[in-house]
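The values are calculated or read from the model by the stated rules, or taken from the named source; none is laboratory data. If you're wondering where the values come from, they're calculated on a predicted model, not measured in any experiment. All Cβ positions, even for glycine, are placed from backbone atoms using ideal geometry, and neighbour counts span all protein chains on display.
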Amino acid sequence: MRGRPVVPGRARGEVVVIESISFYGDVDPNTGTLRDGRSIGGKVLVARRSKGSTVGPYVMYALRRRGKAPLAILLVSKSDPVLVSGAVLSETVLVDGLPEDIMKLRDGEIVQVLEDGAVILEGGTAQPLT
């Protein structure tokens, strides 16, 4: 599947799926863990949408400095400007406008993200991506 590469780059890693993401409030800036205890550090974060907060980019930057930032963020919806600025500051690959089928992925599955916004499932138990 393919989306719009907002902050282009390449990434490969385990998926963590969440309905929506706000880096201010949903992510511990010291540990890179979500409220539910799952780590996003070194993972590919998949979400339906983002919830911007002006503090979010600073949290993303702090995560990068601590080595706890996600490798990439994949969204179904269009990125909000706050998330875009955070992704640029933290040098995190950001792809939006992906098909709803991306939400069929399951935590732990491995995906590749390419510079042109393509997302390739390497294997696992998810339903086929279209």
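Below are the figures for this structure:
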quantity	calculated
Which listed residue, of ALA47, ALA62, ALA69, ALA11, is modelled with pLDDT of 95 or more, over 24 Å from VAL119 (Cα atoms) and surrounded by 16 or more Cβ atoms within 10 Å (Cβ to Cβ)	ALA62
Matching option when the condition is within 14 Å of GLY13 (Cα to Cα), of a type in the set (A, V, I, L, M, F, W, C) and at pLDDT 95 or above, among LEU114, LEU75	LEU114
Residues located in the stretch 26-71, provided they are in contact with a helix residue (DSSP H, G or I) (Cβ under 9 Å, 6 or more places away or on another chain), under 15 Å from ASP96 (Cα atoms) and assigned to a strand (DSSP E or B)	VAL46, ALA47, ARG48, SER50
Any hit, the stretch 90-101, residues being surrounded by 16 or more Cβ atoms within 10 Å (Cβ to Cβ), in contact (Cβ under 8 Å) with a residue 40 or more places away in the chain and touching a helix residue (DSSP H, G or I) at 6+ places or on another chain (Cβ under 7 Å)	yes
Residue in the stretch 28-39 that is touching a Ser or Thr at 6+ places or on another chain (Cβ under 8 Å), surrounded by 23 or more Cβ atoms within 10 Å (Cβ to Cβ) and within 19 Å of LEU105 (Cα to Cα) present	no
Cross-chain or 6+ apart pairs with Cβ under 9 Å, the stretch 1-21 first and free of Cβ contacts under 8 Å to residues at least 40 places away in the same chain, then of a type in the set (A, V, I, L, M)	ILE18/LEU34; ILE18/ILE40; ILE18/LEU45; ILE18/VAL46; ILE18/ALA47; GLU19/ALA47; GLU19/MET103; SER20/ALA47
